[in-house]
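Q: Below are the structure tokens for one structure; questions will follow.
The values are calculated or read from the model by the stated rules, or taken from the named source; none is laboratory data. All values reported here derive from a predicted model rather than from experimental measurement. Reconstructed Cβ throughout: ideal geometry from the backbone, glycine too, with neighbour counts over all protein chains shown.
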Amino acid sequence: MIVLGLCATVNAQSLEEVMKARGLSQQDMLAAAKTYTPTGKMDEYYCFSSGGQSGQIIAYGVPSMRLLKYIAVFTPEPWQGYGFGDVESMAILDQGSIRGQKITWGDTHHPALSETAGEYDGKYLFINDKANPRVAVIDLKTFSTIQIVPNPIMKSEHGSTFVTPNTEYILETTQYPAPF
């Protein structure tokens with residue numbers, strides 16, 4: 001029965017036939033049209049979501065919700081070559097060493113976008129590592145990590161990274177009240 005219902009929808013020739021076959025109202029169709037982005041067209045917005053204990057950032061388009069890229073940040077990603085044989089990405093990961101200890105995992109939380117005159121400028125994204133006191137810099141032209149900066153006086157970070165109105169400073173918050 002499922003196959004027959006699917007065939008009826010696929011074979012429908014008009015919008016009204018699709019609506020009837022799928023039991024959709026005009027409001028349903030309007031909601032779908034508001035979120036639909038045709039193939040080859042760009043989304044109006046991008047969303048950058050922290051990947052948590054994967055140590056990466058997930059970028060997707062809005063309103064389509066299409067996955068654009070998993071951006072490797074604190075964790076080596078063999079499927080995209082980040083941290084495996086690629087000298088540049090291996091050097092970036094090495095920047096995240098803390099007190100001589102190489103750390104190859106992270107817990108990304110709360111990204112912040114760069115700003116110019118208090119407005120998002122789309123140049124960089126900053127994200128903290130909750131498990132280790134570090135902040136990464138992601139270039140939004142290439143959707144790739146270009147720098148990892150450890151903080152030698154904190155034990156951990158949580159809360160967020162924040163930028164000043166012209167991104168002169170990147171601020172970090174700590175989860176624990178005492179230095180490491």
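Q: Exactly one of (1) farther than 21 Å from residue 46 by Cβ; (2) free of Cβ contacts under 8 Å to residues at least 24 places away in the same chain; (3) surrounded by 14 or more Cβ atoms within 10 Å (Cβ to Cβ); (4) among the polar types (S, T, N, Q) is unmet by residue 89. Its number?
A: Condition (2) is where residue 89 drops out.
Q: Quick one: count up the residues across the stretch 150-180 that are in a loop (DSSP other than H, G, I, E, B), more than 17 Å from residue 74 (Cβ to Cβ) and hydrophobic (A, V, I, L, M, F, W, C).
A: Of the residues in the stretch 150-180, 3 are in a loop (DSSP other than H, G, I, E, B), more than 17 Å from residue 74 (Cβ to Cβ) and hydrophobic (A, V, I, L, M, F, W, C).
Q: Can you name the residue in the stretch 50-64 that is over 19 Å from residue 79 (Cα atoms) and more than 12 Å from the chain's Cα centre (by Cα) and, of all such residues, is modelled with the highest pLDDT?
A: Filtering the stretch 50-64 for residues that are over 19 Å from residue 79 (Cα atoms) and more than 12 Å from the chain's Cα centre (by Cα), the one modelled with the highest pLDDT comes out as 62.
Q: If residue 83 satisfies all but one of (1) at pLDDT 90 or above; (2) under 21 Å from residue 172 (Cα atoms), what's the number of the condition it fails?
A: (2)
Q: In contact with a Ser or Thr (Cβ under 6 Å, 6 or more places away or on another chain) and more than 19 Å from residue 172 (Cβ to Cβ): does that describe residue 123? First the steps, then the outcome.
A: Values: in contact with a Ser or Thr (Cβ under 6 Å, 6 or more places away or on another chain): yes; more than 19 Å from residue 172 (Cβ to Cβ): yes.
Spelling it out, residue 123 is indeed in contact with a Ser or Thr (Cβ under 6 Å, 6 or more places away or on another chain) and more than 19 Å from residue 172 (Cβ to Cβ).
Q: When the residues of the stretch 17-71 are filtered to those that are among the small types (Gly, Ala, Ser) and in contact with a strand residue (DSSP E or B) (Cβ under 7 Å, 6 or more places away or on another chain), which remaining residue is farthest from residue 112 (Cα to Cα)? Don't jump to the end; show me each part of the working.
A: Keep residues of the stretch 17-71 that are among the small types (Gly, Ala, Ser), which gives 21, 23, 25, 31-33, 40, 49-52, 54-55, 59, 61, 64.
Those still in the list that are in contact with a strand residue (DSSP E or B) (Cβ under 7 Å, 6 or more places away or on another chain) too: 49-52, 55, 59, 61.
Working: 49: 10, 50: 10, 51: 14, 52: 15, 55: 16, 59: 13, 61: 17 Å.
Ranking the qualifying residues of the stretch 17-71, first place goes to 61.
Q: Further, regarding this structure: Are any of the residues in the stretch 95-111 assigned by TED's automatic domain parsing to the domain that holds residue 69, under 21 Å from residue 46 (Cα atoms) and in contact with a Pro (Cβ under 9 Å, 6 or more places away or on another chain)? Working first, answer last.
A: Of all residues in the stretch 95-111, those assigned by TED's automatic domain parsing to the domain that holds residue 69 come to 95-111.
If we keep only those that are under 21 Å from residue 46 (Cα atoms) too, we end up with 108-111.
Keeping just the survivors that are in contact with a Pro (Cβ under 9 Å, 6 or more places away or on another chain) gives none.
No, every residue in the stretch 95-111 fails to be assigned by TED's automatic domain parsing to the domain that holds residue 69, under 21 Å from residue 46 (Cα atoms) and in contact with a Pro (Cβ under 9 Å, 6 or more places away or on another chain).
Q: Would you mention how many residues in the stretch 114-149 are out of contact with any strand residue (DSSP E or B) (no Cβ under 8 Å at 6 or more places or on another chain) and outside any strand (DSSP E or B)?
A: Going through the stretch 114-149 one residue at a time, the tally reaches 4.
Q: Does residue 26 satisfy being surrounded by 13 or more Cβ atoms within 10 Å (Cβ to Cβ) and either without any contact (Cβ under 8 Å) to a residue 24 or more places away in the chain or under 22 Å from residue 173 (Cβ atoms) (or both)? Give the steps one after another, and end with the answer.
A: Working: surrounded by 13 or more Cβ atoms within 10 Å (Cβ to Cβ): no; either without any contact (Cβ under 8 Å) to a residue 24 or more places away in the chain or under 22 Å from residue 173 (Cβ atoms) (or both): yes.
Spelling it out, it is not the case that residue 26 is surrounded by 13 or more Cβ atoms within 10 Å (Cβ to Cβ) and either without any contact (Cβ under 8 Å) to a residue 24 or more places away in the chain or under 22 Å from residue 173 (Cβ atoms) (or both).
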